[in-house]
Each structure stands twice: as C-alpha cells, then as structure tokens.
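Derivation of every value follows stated rules applied to the coordinates shown; laboratory data play no part. Quick caveat: nothing in here was measured; it's all calculated off a predicted structure. Cβ coordinates were reconstructed from backbone atoms using ideal geometry, including for glycine residues, and neighbour counts include every protein chain displayed.
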Amino acid sequence: MSGRAVCLISGGLDSCVTLFIAKEEGYEIHGLSFNYDQVHKKEIRHARMIGKAAGVKNHVVYHLDKALFHGSSLVDKEISIPLNRDLKTIGGGSVPSTYVPARNLVFLSLSTAYAEMINADAVFIGVHATDYSGYPDCRPEFIESIQQTINKGTRRGVEGKPVMIKAPLLYLSKTEIIKKGLKMRVPFDLTWSCYKGEKKACGVCDSCLLRLKGFQEAGYPDPVPYQSYPSWYILK
C-alpha cells in the first residue's frame, strides 16, 4: 500500500486515466469533484460513475458558487464556446473563453486542505501541457509553484511531510494518455469530455476535437457517441 491519496475527478478522460494510475500505484483513493454551476452537470454524473468503477474509498462533490468563475464560457451561457477550430490553433495564441479563472489553483488549494484533513500523502490531478487548450494552470511551472507553496504553507509541509501534487500526465500527449489508459483497461465509455452537456458529445468543441484526434492517432475508436465527427476522423 502506497498510502492515501486525493484524486481530482472531473468526469473527463484525463482525470479518469490519472485516477486509475493512482489506483495502480496502490493508494487508498478519496475522490474529489467540484460543482461550480457549470453550464451542464453531466460531467459530475460521469465523475461519480468513474469513481464507483475505480472503487474509491470516498467521493466528495464540493459546491462552489459560480460567482467565483464569471467570464468563462463553461459557466456563463451568454459567452460562446469556440467551435470548429483548426487543430493547429488550439493551444496556441490567446487563452480561450473556456478557461475558468484560476480553476486549478482553487481546486488544488481545496484538495490539499482535504488531503491534510484526512492525512493523505498525495493529490492527483490530470493536467497535461501537450495537446491541450492553452490553459496557463496546466503548465509544469504552475504545478511546481503550487508544490513550493504547499511545502511552505501547510502543517505537513513545515513538518517535512508535504502533500505531494502528482500530475502523471503532465508531459504526455493526448494520444499517449489514451494508449496508457487502454493498457490499464480504463472505462473510457464512462468519461465525458465535451464542453456541452447534451445526449451525445458535440464533436466540434476544442475538447471533443483534441479527444478525437487522440483516439485517431491511438488507432482505437472513441466509445463515446458523437453528434458529428470532423472530416479527418475515420474510426467511427
């Protein structure tokens, strides 16, 4: 047994693979998801299903007032979600409207507090800086700075046993993440990545496009149903 860990479970592909990595490493897992009045709640339902499939010890869904996160198209319905963008432009240039202000900073602060409370040794988060949407709080330097803050600003930190932030996907591409998940038999059919909460994934938002690109390059069909597919996707 590797000890106890808190795993951030969003309902998406990356956090699901991260959860199963933590499970494979032998941690007693406590799941943590956040309801911040997103435009849709489907990801919360999928997070619960994923946590159950992984056999987490406990799964907390923490509510945050959406007033904290105004200015994101994932929270404010009046702000348009980018659609049909060229893959070459995703992750480059300006930060997209789907960026939720300081979301991972807030999530990691609260998950570290929870980890200290239950005497957990680690917090797992599924961020990665390759094939992503260009969010500043998914970069290696952000994770490094958070770890330094935890080391200096928590009881466990000053006592020499800091809660460790583990981001096992940080340097992997979406394709590599999917291949890793396939080897571990991750239930990708339970995941939800689409920025919309409809019956089927839209197939045109940044998250859907990056996900489909990853499955295409992995040579494995995405088990999640889509309303439409980009012209380059052939594994339908």
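Structure data summary
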{"read-out": "Segment 79-234, dipole about Cα centre (Lys/Arg Cβ +1, Asp/Glu Cβ -1), debye to the nearest 20", "value": "180"}
{"read-out": "Exposed chymotrypsin sites (Phe, Trp or Tyr not before Pro) absent: longest stretch of the chain, with sites in DSSP loops and at most 16 other Cβ within 10 Å deemed exposed", "value": "1-170"}
{"read-out": "Alpha-carbon spread of segment 3-135, three principal axes, descending order, Å", "value": "42, 31, 24"}
{"read-out": "Residue-count net charge about A120 - beta-carbon cut-off 14 Å; Lys, Arg +1, Asp, Glu -1", "value": "+2"}
{"read-out": "Relative contact order for segment 164-236, counting Cα pairs under 8 Å that sit 6 or more residues apart, in percent", "value": "32"}
{"read-out": "Principal axes of segment 84-129: Cα extent on each, largest first, Å", "value": "45, 17, 16"}
{"read-out": "Relative contact order [Cα under 8 Å, 6+ residues apart], segment 4-193, whole percent", "value": "28"}
{"read-out": "Over segment 106-236, relative contact order from alpha-carbon pairs under 8 Å, at least 6 apart, %", "value": "21"}
{"read-out": "Net charge, L68 excluded, C-beta distance under 13 Å - Lys, Arg +1, Asp, Glu -1", "value": "-1"}
{"read-out": "Amide hydrogen neighbours beyond the local backbone of I165, cut-off 5 Å, H modeled", "value": "V123"}
{"read-out": "Charge context of E25, other residues only, Cβ under 15 angstrom, K/R +1, D/E -1", "value": "+3"}
{"read-out": "Trypsin sites (Lys or Arg not before Pro) restricted to segment 9-77 and DSSP loop, no more than 15 other C-beta within 10 Å", "value": "K41, K57, K77"}
{"read-out": "For the chain, share of DSSP beta bridges that run antiparallel, in % to the nearest 5", "value": "5"}
{"read-out": "Most mobile of V61, V123, V204 in a GNM of the chain (Cα contacts under 10 Å)", "value": "V61"}
{"read-out": "Tilt relative to the chain, helix 103-117 - C-alpha long axis, 0 to 90 degrees, to 10", "value": "30"}
